[in-house]
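Every read-out reported here was derived from the displayed coordinates using simple, explicitly stated rules and does not represent laboratory data. If you're wondering where the values come from, they're calculated on a predicted model, not measured in any experiment. Backbone-built Cβ (ideal geometry, glycine too); neighbour counts: all protein chains shown.
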Amino acid sequence: MHETALIAEVLKTVRQSALENNLPKVTKIKLAIGKLSMALPEALIFAFQVLKKGTICEEAELEIESKEIILQCLDCTQEFRSQDYNFSCPFCARSRIKIIQGRELHIISFEGEENELGSNCGSTLIKSQ
Ligand SMILES: [Zn+2]
């Protein structure tokens, strides 16, 4: 299943980054999921609930930011949102297009709690990109 493999990869990346940043516990993970990525948010959440058990993300919540499909026409250079997966330009009716947004599938950020030995308490936000 596509979503399970994806979440396994997310957990691996987050775990590695959390260890590097001395965060023993992850509290929140935020993902950007484009509407063209073919990943279903419900399936991602389900896979997350199953796979996070026994990891440092066990108590974390998953937040999904759904990204609209934004296209650009290569003929008239206008940018537009795709309606009903219609890939032709609403300005000049041609269909030579470039996908600007909608295919992404990545971690936006995650938050974790620092080690109690650390001088700072509270949560830390790490940007992945
Ligand atoms: Zn056009």
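The figures follow:
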quantity: Hey, Leu62 more than 20 Å from Gln101 (Cα to Cα), out of contact with any Pro (no Cβ under 8 Å at 6 or more places or on another chain) and assigned to a strand (DSSP E or B) or not; calculated: yes
quantity: Count of residues meeting criterion [surrounded by 15 or more Cβ atoms within 10 Å (Cβ to Cβ) and either assigned to a loop (DSSP other than H, G, I, E, B) or within 10 Å of the chain's Cα centre (by Cα) (or both)] in region 9-39; calculated: 12
quantity: Test for Leu62: is it free of Cβ contacts under 8 Å to residues at least 40 places away in the same chain and not basic (Lys, Arg); calculated: yes
quantity: Which numbered condition Leu6 misses (of (1) surrounded by fewer than 18 Cβ atoms within 10 Å (Cβ to Cβ); (2) assigned to a helix (DSSP H, G or I); (3) out of contact with any helix residue (DSSP H, G or I) (no Cβ under 6 Å at 6 or more places or on another chain)); calculated: (1)
quantity: Neighbours by Cβ (under 6 Å, 6+ apart or cross-chain): first from region 91-106, part of a loop (DSSP other than H, G, I, E, B); second near the ligand (Cβ under 9 Å from one of its atoms); calculated: Phe91/Cys76; Phe91/Gln78; Cys92/Asp75; Cys92/Cys76; Arg94/Asp75; Ser95/Ser88; Arg96/Leu74; Arg96/Asp75
quantity: Yes/no for Ser109 being more than 9 Å from the ligand (Cβ to nearest atom), under 15 Å from the mean Cα position of the chain (by Cα) and either over 30 Å from Ser17 (Cα atoms) or hydroxyl-bearing (Ser, Thr, Tyr) (or both); calculated: yes
quantity: Among the candidates Glu42, Glu68, Glu79, Glu9, residue that is closer than 26 Å to Glu111 by Cα, among the acidic types (Asp, Glu) and in contact (Cβ under 8 Å) with a residue 12 or more places away in the chain; calculated: Glu68
quantity: Extreme residue, nearest to His2 (Cα to Cα), among residues of region 64-102 that are surrounded by fewer than 14 Cβ atoms within 10 Å (Cβ to Cβ), away from the ligand (no atom under 16 Å from the Cβ) and not hydroxyl-bearing (Ser, Thr, Tyr); calculated: Glu65
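The rows are residues; the columns are (1) out of contact with any Asp or Glu (no Cβ under 6 Å at 6 or more places or on another chain); (2) not acidic (Asp, Glu).
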| site | (1), (2) |
| --- | --- |
| Ile69 | yes, yes |
| Leu74 | yes, yes |
| Glu79 | yes, no |
| Asp84 | yes, no |
| Ser88 | yes, yes |
| Arg94 | no, yes |
| Leu105 | yes, yes |
| Ile108 | yes, yes |
